[in-house]
Each structure stands twice: as C-alpha cells, then as structure tokens.
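Novice: One structure coming up, written as structure tokens, with questions to follow.
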Amino acid sequence: MAMRLTRKITAEFIGVFLIGALAGGLVTWSYTDTRLSTFMSRTNDPDSMVARIDKKYADEYHLTPDETKPDEP
C-alpha cells in the first residue's frame, strides 16, 4: 500500500510539473510571438537601426549635434 501511495504522489508531482511547464511555455510563446515579429520588422533596415542607435545614445548622453557627427578621415 505504501509503495502505491508513493507512486501516486510521484505521478501527481510529475503531472503538476508538466502542466506548469506547458502553461509557462504557452505564456512565453504568446509573449515572444508578438515581440519577435516587432523586432524582426525593425531590424530589416540597417540604416534605420543606425539612426535609432544614434538617437538613443544622443539622448542618453545629452550629445550636441556636433558630437553626433561621424569623424571624417
């Protein structure tokens, strides 16, 4: 009888773990599905990516327009 109870508890534990993993996977999938499409649409154009990065650092470091110009050789 004790062996059957141990197996039942083990099976319930595994079941709860699998249900939790499935639920977590579905939540993660639904969240990253929308984020991934947004990310991929924004990274298609290298020029727009450079402009966004330049704007981010200009805003973050309070750079003047002269400081954001690229150095010419």
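Novice: Need the C-alpha centroid separation for segment 1-49 versus segment 50-67, integer Å.
Specialist: Value for the Cα centre distance between the two parts: 38 Å.
Novice: Over the chain, give the accessible area per residue in Å² for a 1.4 Å probe, as an integer. The partial results should precede the final answer.
Specialist: Numbers: 7090 Å² over 73 residues.
Result: 97 Å² of accessible area for each residue.
Novice: If r is the Cβ-Cβ distance from R52 to F17 and R0 is 30 Å, what FRET efficiency results, to the nearest 0.05?
Specialist: On the way: r = 41 Å, r/R0 = 1.38.
Efficiency, rounded to the nearest 0.05: 0.15.
Novice: Can you give me the angle between helix 46-61 and the longest principal axis of the chain, using Cα atoms only, in degrees from 0 to 90, rounded to the nearest 10?
Specialist: Roughly 80 degrees, rounded to the nearest 10.
Novice: OK, next. Of D45, D59, D33, which is the most mobile in a GNM of the chain whose springs link Cα atoms less than 10 angstrom apart?
Specialist: D59
Novice: How long is the chain along each principal axis, judged by its Cα atoms, biggest number first, in Å?
Specialist: 83, 24, 21
Novice: Per DSSP H run of at least 4 residues, take -39500 (n - 2.57); add these up for the chain, divide by its residues and hand me the 222 nm value, nearest 500 deg cm²/dmol.
Specialist: My calculation for the chain gives -29000 deg cm²/dmol from helical runs alone.
Novice: Using θ = phi - 60° and the Karplus relation 6.51 cos²θ - 1.76 cosθ + 1.60, list the HN-Hα couplings for segment 11-23 in order, rounded to whole Hz, with x at every Gly or Pro.
Specialist: 5, 5, 4, 5, x, 5, 4, 5, 5, x, 5, 5, 5
Novice: Once neighbouring chains are kept in place and the probe is 1.4 Å, which whole percent of the accessible area of the chain is contributed by carbon and sulfur? Could you put the intermediate results ahead of the total?
Specialist: Values: 4700 of 7090 Å².
The value for the chain is 66 percent carbon and sulfur by accessible area.
The values are calculated or read from the model by the stated rules, or taken from the named source; none is laboratory data. Note that the structure is predicted; figures quoted are calculated from it, not measured. Here Cβ is always computed from backbone atoms with ideal geometry, including for glycine, and neighbour counts include all displayed protein chains. Side chains included, ligands, DNA and RNA excluded: accessible areas come from the protein's heavy atoms. Shrake-Rupley method; radii C 1.70, N 1.55, O 1.52, S 1.80 Å.
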